[in-house]
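What follows draws every value from the coordinates through simple rules; no lab data is involved. Being a predicted model, the structure only gives us computed values, none of them experimental. Because the Cβ atoms are built from the backbone with ideal geometry, glycine has one as well, and the counts that use them run over all protein chains shown.
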Amino acid sequence: MLPREVAARVRERYGRMAMRGHAHPRIVYHRAMKICIVSDSHDRADALARAVREGAAEGAQAVIHCGDVIGTQTLRPALAVGLPMHVIHGNNLGDPVSLARWARESNGQLHYHGADARLILDAHRVFVVHYPEYGHAMACTGDWDVVCCGHSHVAGIDQVRNVKGGSTWLVNPGTVAALAAPATWMLGDLEAMRFELRSLSA
């Protein structure tokens with residue numbers, strides 16, 4: 001259930017169909033203006049935790065992981081930072097049963113969404129998927145304010161023209177694990193709709 005004031009803002013912006021969940025089921029709400037976006041951690045628990053700590057220090061109120069966690073234990077140090085975390089599994093499936101159990105036992109801190117996630121972050125609609133080509137396609141629908149993706153290990157921030165005549169942000173934070181690319185993460189300010197790529201500190 002969305003808070004009443006947020007429900008009113010979402011209804012005004014997107015219409016009643018979005019509120020009833022017909023168009024976009026499994027929507028999860030968080031009151032978060034700044035977000036830490038990461039991807040492709042590939043069992044590098046320390047790197048992931050550093051990115052989340054850096055995000056929290058810059059005011060992030062939630063974490064989005066765009067996939068390829070692999071081992072559930074990879075999340076433990078990052079969860080210790082205390083921010084709510086939204087995770088999808090990517091092409092490296094890892095252990096979805098373990099991820100689901102951890103999410104169930106996390107008292108609402110960890111949200112495991114499976115292959116993709118549909119979020120409302122302070123009245124902004126965010127879609128999360130691992131593959132960039134799927135992300136681009138979802139951005140083209142115009143149904144989302146922001147689409148987050150990963151997989152390529154190539155960081156990018158783009159505005160994609162959509163079929164509704166507007167544009168949608170498509171952001172890829174690269175790989176936080178520094179696999180064949182620099183270790184990077186993304187800070188997103190949803191109030192300003194500004195996204196900034198960050199290099200992971202040593």
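Other residues within the sphere of radius under 12 Å centred on the Cβ of C66, judged by their own Cβ, net out at -3 (K and R +1, D and E -1). Model label points for V97 and H136, set 7 angstrom from Cα along the Cα-to-Cβ axis, are 3.8 nm apart.
Among 147-154, 111-118, how do they line up from the highest to the lowest mean number of other beta-carbon atoms within 10 Å?
The packing order, highest mean first, is 147-154, 111-118.
Karplus-based coupling profile of segment 73-81, in residue order and whole Hz: 4, 4, 7, 4, x, 5, 5, 5, 5, with θ = phi - 60° in 6.51 cos²θ - 1.76 cosθ + 1.60 and x standing for Gly or Pro. Taking all pairs of different Cα atoms in segment 155-202, averaging 1/r and flipping that mean, what Kirkwood radius in angstroms comes out? Value: 11.9 Å, from the Cα pair sum.
The overall shape of segment 72-133 is oblate: from the C-alpha gyration tensor, with semi-axes ordered a ≥ b ≥ c, the ratio a/c is 1.5 or greater and a/b is no larger than b/c. For G156, nonlocal amide neighbours, meaning residues 5 or more places apart or on other chains whose placed amide H falls under 5 Å from its own, are N172, G174. Here the Karplus curve 6.51 cos²θ - 1.76 cosθ + 1.60, taken at θ = phi - 60°, turns the phi angles of segment 52-59 into couplings of 5, 4, 5, x, 4, 5, 9, x Hz, with x standing for Gly and Pro. With a Förster radius of 30 Å applied to the beta-carbon distance between Q109 and K164, the computed FRET efficiency rounds to 0.30.
Once both labels are positioned 7 Å from their Cα atoms along Cα-to-Cβ, the gap between S201 and D46 label points is 1.6 nm. Put simply, the amide H of A183, placed in the peptide plane, has neighbours under 5 Å in A178, L200, leaving out anything fewer than 5 places away on its chain.
Calculation over all alpha carbon pairs of segment 22-155 in 5 angstrom steps from 0 returns a P(r) of 2, 11, 22, 25, 23, 12, 4, 0 percent. All other residues whose Cβ lies under 11 angstrom from that of G94 are scored, Lys and Arg at +1 and Asp and Glu at -1, for a net of -3. For segment 111-181, the average shadow cast by the Cα convex hull is 5.0 nm², which is a quarter of the hull's surface.
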